[in-house]
Amino acid sequence: MKYEPVIGLEVHVELNTKSKMFCRCSADYFGKQPNTHTCPVCLGLPGALPFTNKEAIKKCLQIGLALNCKVVDLSRFERKIYFYPDLPKGYQISQYRWPLCVEGWLEVEDKDGKVSKIKINRVHQEEDTGKLSHIGGVTLIDYNRSTVPLVEIVTEPDFTDPSQVKDYAKKLQQIFRYLGVSSADMERGDMRLEANVSVRPAGQKELPNYRVELKNINSFRFMTAAIEYEIKRQIEALEKGEKLTQETRGWNEAKRDTYLQRSKEEAHDYRYFPEPDISELRVKSDELRIKEEIVELPNRKAKRFVADYGISRQNAQVLVDSKELAGYFEEAIKLGREKQLKPQEIANYIVNQKIKLASKDQVLRAVEDLAGKRVGILEDEVKIEKIVAEVIFENPNSVEDYQKGKLNALQALIGGVMRKTQGKVNVEKVRRILESKLQN
Amino acid sequence: MKLTADQVKKVAKLANLPLSDEEIEKYSGQLSKILDYIDQLNSADTSEVEPTFNVTGLSNVLREDKVGESLPQEEALQNASQVKDGFFVTKGVFEE
């Protein structure tokens, strides 16, 4: 039987606000001394009251709108209850029934370049947990990260191939960076991926009655490998007549396989209930204003580059990789116009020669180098012949050597021509002209 | 409404409470009584009443993104039963 994968993705991204989600402690926790960015709120001490960060909500809405979501009329926080030392309160403040943004989509490309629309179920706001280190049989806890704002983005199970998942995750990372809401560094854990993977007989419409959650995967490459492995494992199990169940698995990079972390019997029961200490959010009226403030995003920018500058889609995609690179490219086009350089030439030059554009100086240099190369190339045969004649006249010894049969004397003459033209002439052309002149 | 031993065990597990067999027996009786008592609320007709999630009735209470003071490390750790190098220490748990 032929099977097809059914994949959904959950992405967590840590926002780069100055203060935490529900208290005024600094959210800049990375590399700081443990437990120096805490207060009664983020330590979960009795009686402390959470106080919502306006900027975090704005950034969450920006993400939602960038992913074509609707902002809901009414949004609420809820308590997600579970016992684990990363959560000092015994619950995480999250959103469940009333997320801020719903029903979005993003276009992704698979490995063959086929474009599909992935539906986004929700974009919601929550808080990060403390960081645990497991050392020598004990667990060390640092609550500096506790209550740092975290946004979760959940797709529908619309992916059918791991290459789509990779493209989606990369596009999200790019969008976070364009929006300036997070540095979205995977290794630092600013951005985390979880995939829900199952398989069903090809053509079947209903979703499978189980799904395997892949957790704690901190690179795009590992995510792709884990999903590929998991699809294979599940198809093999089904073909052997085994029944697959709900479970959580991790990725072992050394062994390159997935391993069981939690089975269905241990599944959590979070008993969500509305957070009574935080006011509800009615932010629908901000939707238009926030939408207007959003910068031009990579997908649209790439389309504009193709339409306005006539560059190839592949080049456009490379050039919109970051907002900065795209900006420098447009600057180069402006500068290049004065030197009669076409946008296509500039795009080809930057992409093919892997020219680094990370400052105004580098833009200037790139344009001048390119203009110099093109303007300088001596195409006029009459002019070249004139220079060749000069070189022959000035180097009688080399000419004599060559005519006696010392063929490498020709190199000296070619070198003379290159020096006179500062290298702006095609070597083969020079050789051809020299040879014909010396034979006469 | 009588709670079964399994239901009590599940609630205890969710609350992270280790219970002995006698306690399970004892609490299933007590919890059942509490539930019966609370159950009286169901006799009130609330079909026309909106649920109350927040008693203040306020919305959009938000603060500006400004950093304030945090507790010094010693103070943050002062109630911990065990600390090490500025960390809270707990008995080993497996990473999930």
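Quick look at the values:
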item	result
Per-residue average of Cβ from other chains inside 10 Å of B:50-61	5
Loop GluC sites (Glu not before Pro), the stretch A:185-245, which have at most 15 other Cβ atoms in a 10 Å radius of their Cβ (DSSP)	A:Glu187, A:Glu206, A:Glu242
Chain lengthening between A:Leu49 and A:Glu109 when straightened (0.36 nm per residue, less Cα-Cα)	17.1 nm
Coil-residue trypsin sites (Lys or Arg not before Pro) of the stretch A:377-440, DSSP, other Cβ within 10 Å capped at 11	A:Lys404
Dipole moment magnitude, nearest 20 debye, the stretch A:111-185 about Cα centre, only Lys, Arg, Asp, Glu C-beta charged	320
Rounded FRET efficiency, nearest 0.05, which uses the C-beta distance separating A:Leu260 from B:Leu58 and R0 of 35 Å	0.15
For the stretch B:66-96, residues shielded by at least 40 square angstrom of accessible area compared with the chain on its own, probe 1.4 Å	B:Val67, B:Ser70, B:Leu71, B:Gln73, B:Phe87, B:Phe88, B:Thr90, B:Val93, B:Glu95, B:Glu96
Residues in the stretch B:4-26 that, when all protein chains are in place, have 10 Å² or more less accessible area than the chain alone would give (probe 1.4 Å)	B:Lys10, B:Lys13, B:Leu14, B:Ala15, B:Asn16
Residue-averaged beta-carbon neighbours from other chains (10 angstrom radius) around A:403-415	0
Accessible surface buried once A binds B (1.4 Å probe; total of both sides; Å²)	3900
Charged-residue dipole, Cβ positions (Lys, Arg, Asp, Glu), chain A about Cα centre, Debye nearest 20	600
Stokes-Einstein D (µm²/s) once Rh is taken as the Kirkwood radius of chain A over alpha-carbon pairs, at 20 °C in 1.002 mPa s	82
Listed residues B:Asp65, A:Asp286, A:Asp112, A:Asp73 arranged by accessible area, highest first, probe 1.4 Å	A:Asp112, A:Asp73, A:Asp286, B:Asp65
Of the GluC sites (Glu not before Pro) in the stretch B:1-87, those whose Cβ has at most 10 other Cβ within 10 Å and which sit in DSSP loop	B:Glu48, B:Glu64, B:Glu69
Average Cα contact separation per residue, chain A, under 8 Å, 6 or more apart, as relative contact order %	15
Distance (nanometres) between label positions extended 7 Å along Cα→Cβ at A:Glu187 and A:Gln33	2.7
Relative contact order of chain B, defined on C-alpha pairs under 8 angstrom at six or more residues apart (%)	19
Separation in nanometres of the label points that stand 7 Å from Cα toward Cβ, at A:Val306 and B:Glu69	5.8
Centre separation in Å (Cα based) which lies between the stretch A:409-429 and the stretch A:272-295	69
Phi-based couplings in Hz for the stretch B:59-65 (Karplus 6.51, -1.76, 1.60; Gly and Pro marked x)	10, 6, 7, 10, 10, 5, 7
Backbone HN-Hα couplings from phi across the stretch A:13-23 [Karplus 6.51/-1.76/1.60, Hz, Gly and Pro as x]	10, 8, 7, 9, 5, 6, 9, 6, 5, 10, 8
Out-of-range pairs (alpha-carbon distance over 27 Å; input A:Lys373/A:Lys404; A:Lys232/B:Lys91; A:Lys119/A:Lys232; A:Lys58/B:Lys13; A:Lys205/A:Lys243)	A:Lys373/A:Lys404; A:Lys232/B:Lys91; A:Lys58/B:Lys13
All lysines inside 17 Å of A:Lys406 as judged from Cα atoms, apart from same-chain residues fewer than 8 positions distant	A:Lys437
Shielded by partner chains, the stretch A:137-165 residues - at least 30 Å² of accessible area, 1.4 Å probe, vs chain alone	A:Val138, A:Thr139, A:Leu140, A:Ile141
For A:Trp251, solvent-accessible area (1.4 Å; no DNA, RNA or ligand), Å²	30
Residues in the stretch A:188-225 reached by a label modelled at A:Met1 [backbone nitrogen below 15 Å; 7 Å Cα→Cβ]	A:198-210
Within the accessible area of the protein assembly as shown (1.4 Å probe), percent carbon and sulfur	51
For the stretch A:35-76 versus the stretch B:5-21, the gap between their alpha-carbon centres in whole angstrom	33
Cross-link pairs beyond the 23 Å C-alpha cut-off, checked among A:Lys32/A:Lys356; A:Lys32/B:Lys84; A:Lys323/A:Lys354; A:Lys339/A:Lys429	A:Lys32/A:Lys356; A:Lys339/A:Lys429
Sequence-distant aspartates and glutamates (8 or more away, or on other chains) whose Cα lies within less than 13 Å of A:Lys18	A:Asp28, A:Glu55, B:Glu64, B:Asp65, B:Glu69
B:Gln7-A:Lys205 pseudo-label distance in nm [points 7 Å out on the Cα-to-Cβ vector]	3.9
Cα point-scatterer Debye curve for the stretch A:168-320, base-10 log of I(q)/I(0) at q = 0.16 Å⁻¹	-1.08
Accessible solvent surface per residue of the protein assembly as shown, calculated while the other protein chains remain in place, 1.4 angstrom probe, Å²	55
Exercise: per-residue mean of other protein chain Cβ atoms within 10 Å, A:26-39	4
Orphan Cys of the protein assembly as shown, criterion: no other Cys C-beta under 4.7 Å	A:Cys23, A:Cys25, A:Cys39, A:Cys42, A:Cys60
Normalised contact order of the stretch A:381-439, rounded percent, pairs of Cα under 8 Å and 6 or more residues apart	35
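The values are calculated or read from the model by the stated rules, or taken from the named source; none is laboratory data. Just so it is clear, the structure is predicted and the values come from calculations on it, not from any experiment. So basically every Cβ, Gly included, is an ideal-geometry build from the backbone, and we count neighbours across all protein chains shown. The protein model used for the area step is the full one, side chains on, heavy atoms only, and it has no ligands, DNA or RNA in it. Shrake-Rupley method; radii C 1.70, N 1.55, O 1.52, S 1.80 Å.
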